[in-house]
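I have placed the structure first, in the form of C-alpha cells, so that the comments after it can refer back to it.
Rule-based calculations on the coordinates, nothing more; no lab input. Please read these numbers as outputs of a predicted model, since none were measured by experiment. Please note: Cβ atoms are built from the backbone with ideal geometry, for glycine as well, and neighbour counts cover all protein chains shown.
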Amino acid sequence: MISIRGLTKRFGGTPVLDGIDLDIADGERVVIIGPSGTGKSTLLRCVNFLDRPDAGTIKVGHVSVDAARATKHDILALRRATAFVFQNYALFANKTAKENIMEALVTVQGHPRDEAARRALAVLAETGLAEKADSYPSALSGGQQQRVGIGRAMAIGADLMLFDEPTSALDPEWVGEVLELMRRVAQQRQTMLIVTHEMQFAREIADRVVFMDGGRIVEVGPPDKLLDAPQDERLQRFLRRVG
Amino acid sequence: MPALDIDYMLGLVPVILGYVPLTLFMAAVAMVCALVLASLLAVERVIRVPGLDWLVVLFISFFRGTPLLVQLFLFYYGLPQVVSFLTQINGVTAAIMGLTLHFSAYMAEAIRAAITGVDRSQWEAAQSIGMTQAQMMRRIVLPQAGRIAAPTLVNYFIDMIKGTSLAFTLGVTEMMGATQKEASGSFLYFEAFLVVAILYWVIVETLSQGQKRLETHLNKAYAR
C-alpha cells in the first residue's frame with residue numbers, strides 16, 4: 001500500500017507540487033497524465049527524494065517518511081523500497097547490462113555476486129536481452145538501454161516502481177518494445193506509478209488515471225471514465241489537444 | 001669544443017640504470033598514495049563536509065602554492081626538529097611523503113573537475129537504487145571520473161618521476177644522486193648529465209606509450 005499525503009514542492013518560491021494526496025493499492029497501476037510543466041515528473045522524483053519535497057508524508061510498504069523531518073536513513077529506506085525508470089535510461093555507463101542489474105543487488109542489498117549474476121541473467125532473459133549481458137550501454141540502442149533500465153528496476157523487487165516518461169526520449173521505432181516490456185511487468189502484479197504521454201498505452205494498462213494540472217491532482221478515475229467522459233474542463237481541453 | 005667521451009657515457013648507462021628501480025619505486029608508491037589522498041580530497045571538495053572543507057582548501061592551497069623542493073626540505077630537515085618521532089625518517093620516506101602531498105593537491109583539483117564532469121543522471125541512478133553517498137562515489141562516480149581525469153593524472157605521474165630527482169638533495173642516491181657522484185669523480189659533467197637526461201626521457205617516453213594503451217582500455221566501455 002502506497003500513501004502520499006500533502007506532498008508539496010517549491011522551486012525558488014514557485015509551487016510545483018501543491019499538496020498532492022494519492023493512495024495506490026498493492027499491484028495497482030496508476031498512470032499520471034497532464035500538460036508539460038505541471039509537476040508530473042516532480043511528483044515521481046519527490047516520491048523517492050531525487051527531489052526533496054518541502055512538506056508531506058510518503059508511505060511505501062513499511063517505510064514512512066515525513067518530508068519535513070526526513071533523515072538520511074529515512075531517505076535511503078524509501079529509495080530501497082522503490083525503483084525508478086528514467087526518461088534518459090541513466091544506465092551506469094561504466095557497467096555492462098548485466099552489471100547494471102547486479103549493482104543494486106550486490107552493493108545495496110548485499111547478495112553474493114554469483115547469486116546476483118544469476119538473477120541479473122534471468123531478468124535480462126525476461127527483457128529479451130540475454131545476449132546483450134556483457135554489452136556496455138554505449139553499444140545498445142535506446143530501446144535496449146531502456147529495457148535494461150526497466151530490468152534494473154525489476155530486479156530490485158521494489159514495493160513501487162516509478163516510470164518517468166520511459167518512452168519520451170526514444171526514437172519511435174523503439175517505443176513498442178519498451179511498452180511491451182512494461183506490460184509484462186504489469187502482468188506480474190507489480191505496483192506501478194507511470195508518467196507517460198502514450199494515451200493508448202495508459203488506457204490499456206492503467207487501473208486508474210490521474211490528471212494533473214498546475215501542481216495539483218485535478219481528476220482521478222478508471223481510464224474509460226476519465227478519458228472518455230472527462231468532467232473537468234481542463235482535462236477535456238488537454239484530451240482534445242493530445243487527440 | 002672537445003669531443004664527447006662516448007665510451008665513458010656508455011659505461012655510465014648500466015651504473016645509472018641500477019638506480020632506476022629506486023626512482024620508479026619512489027614514484028610508484030607516491031603515485032598510489034597521492035591517488036588515494038587526491039580522491040578523498042576531491043570528493044570532499046565536491047560534497048563539502050562542513051568543518052572539513054576549509055581544511056582541505058587550505059591543504060590544497062599550501063601544497064600547490066609552495067615549491068616541491070621547499071616542501072621536501074621542510075619534511076626532511078625541518079620537521080624532525082619539532083616532531084620527535086620523525087627523527088628516524090630517511091630520505092626515501094621523506095621524498096615519498098613530499099611527492100605524495102605535493103602531487104595530491106594538484107591531482108585533487110583534476111579529479112574534482114572530472115567528478116563534476118560525470119553526467120548528473122549517473123548520480124541520480126545511483127541514488128535511485130538506494131546507494132549511500134560513499135557507495136555512489138566509489139562504484140559509479142569515481143570510476144567514470146577516473147576515465148575523464150586519466151590523461152591529466154598520467155601527466156602528473158610523469159612529472160612525479162622527474163620530481164624524484166629532487167630526492168638527491170635529501171641524500172638519497174637515486175638516478176640523479178648517482179649521476180652527481182659519478183660526475184664529480186670524473187669531472188665529465190656534460191656527459192654524465194646528458195646520460196641521465198636521456199634515461200629519464202626514455203622512461204617517460206615508455207610510459208607515454210603505456211598511456212595510450214591505458215586510455216584505450218578505459219574507453220572500452222564507451223566505444224561504439
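I need the peptides A:102-109, A:82-89 ranked by packing, meaning the mean over residues of other C-beta atoms within 10 angstrom, with the highest value on top. Don't skip to the end; give the middle numbers.
Values: A:102-109: 21.4, A:82-89: 24.1.
Highest-to-lowest ranking by the protection proxy: A:82-89, A:102-109.
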Checklist entry - For a paramagnetic label modelled at 7 Å from the Cα of residue B:8 toward its Cβ, which residues of the range B:185-205 fall within the zone defined by backbone nitrogen distances under 19 Å? => result B:185-199
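List the DSSP H helices in chain B whose Cα atoms stretch 20 Å or more along the helix axis and whose mean Kyte-Doolittle hydropathy is at least 1.0. Working shown, then result.
Working: long enough: B:20-47 (40 Å, 2.19); B:91-116 (37 Å, 1.09); B:142-163 (28 Å, 0.48); B:189-218 (43 Å, 0.63).
Once both thresholds are applied, what remains is B:20-47, B:91-116.
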Checklist entry - Taking springs between alpha-carbon atoms closer than 10 angstrom, which of A:138, A:64, A:168 fluctuates most in the Gaussian network model of chain A? => result A:138
Checklist entry - Sequence-distant or interchain residues sharing an amide H contact under 5 Å with residue A:32, placed H: which? => result A:194, A:195, A:196, A:210
Checklist entry - What FRET efficiency do you get for residue B:77 and residue B:55 if R0 is 35 Å and r is their Cβ-Cβ distance, rounded to the nearest 0.05? => result 0.85
Checklist entry - Gain in length, residue A:68 to residue A:236, computed as 0.36 nm per residue apart minus the alpha-carbon separation, to one decimal in nm? => result 56.9 nm
Checklist entry - Do any of A:95/B:162; A:40/B:220; A:132/B:212; A:98/B:162; A:72/A:225; A:98/B:212 go past 32 Å between their Cα atoms, and which? => result A:95/B:162; A:40/B:220; A:98/B:162; A:72/A:225
Checklist entry - So what's the Cα pair-distance distribution over the range A:2-242, bin width 5 Å, in %? => result 1, 7, 14, 18, 19, 17, 12, 8, 3, 1, 0, 0
Checklist outcome for this item: Pseudo-spin-label distance residue A:131 to residue B:208, built 7 Å along Cα→Cβ, given in nm, is 4.4 nm
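Taking 0.36 nm per residue of separation and subtracting the Cα-Cα distance, what length does fully extending residue A:121 through residue A:225 add?
Value of the extension gain: 33.4 nm.
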Checklist outcome for this item: Asserting the computed 222 nm helical MRE of chain B (DSSP H runs at least 4 long, -39500 (n - 2.57) per run, divided by residue count, to nearest 500) equals -24500 deg cm²/dmol
Checklist outcome for this item: Nearest-0.05 FRET efficiency for residue B:119 and residue B:64 at R0 = 30 Å, using Cβ-Cβ distance, is 0.60
Checklist entry - If you line up the long axis of helix A:113-126 against the longest principal axis of chain A, both from Cα atoms, how many degrees apart are they, to the nearest 10? => result 60 degrees
Item to check | chain B: most fluctuating residue of B:183, B:110, B:42 per GNM, C-alpha cutoff 10 Å | outcome: B:183
Item to check | Highest-MSF residue in chain B out of B:19, B:156, B:189 [GNM, Cα springs under 10 Å] | outcome: B:189
Item to check | Net lengthening on full extension, residue B:201/residue B:162 (0.36 nm per residue, minus Cα-Cα) | outcome: 13.1 nm
Checklist entry - Using r as the Cβ-Cβ distance of residue A:183 and residue B:216, and R0 as 51 Å, what FRET efficiency do you calculate, to the nearest 0.05? => result 0.80
Checklist entry - Short version: ³J(HN,Hα) in whole Hz for each residue of the range A:221-231, in order, from phi by Karplus 6.51 cos²θ - 1.76 cosθ + 1.60 (θ = phi - 60°), x for Gly and Pro, what are they? => result x, x, x, 5, 6, 5, 8, 9, 10, x, 8
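List the relative contact order of chain A as a percent without decimals, with contacts defined as Cα pairs under 8 Å and 6+ residues apart.
26 percent
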Item to check | Packing-based ranking, highest mean first, of B:3-16, A:46-59 given that Cβ atoms within 10 Å are counted | outcome: A:46-59, B:3-16
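Given N residues in chain B, what is Rg(Cα) / (2.2 N^0.38 Å)?
Normalised Cα radius of gyration, chain B: 1.21.
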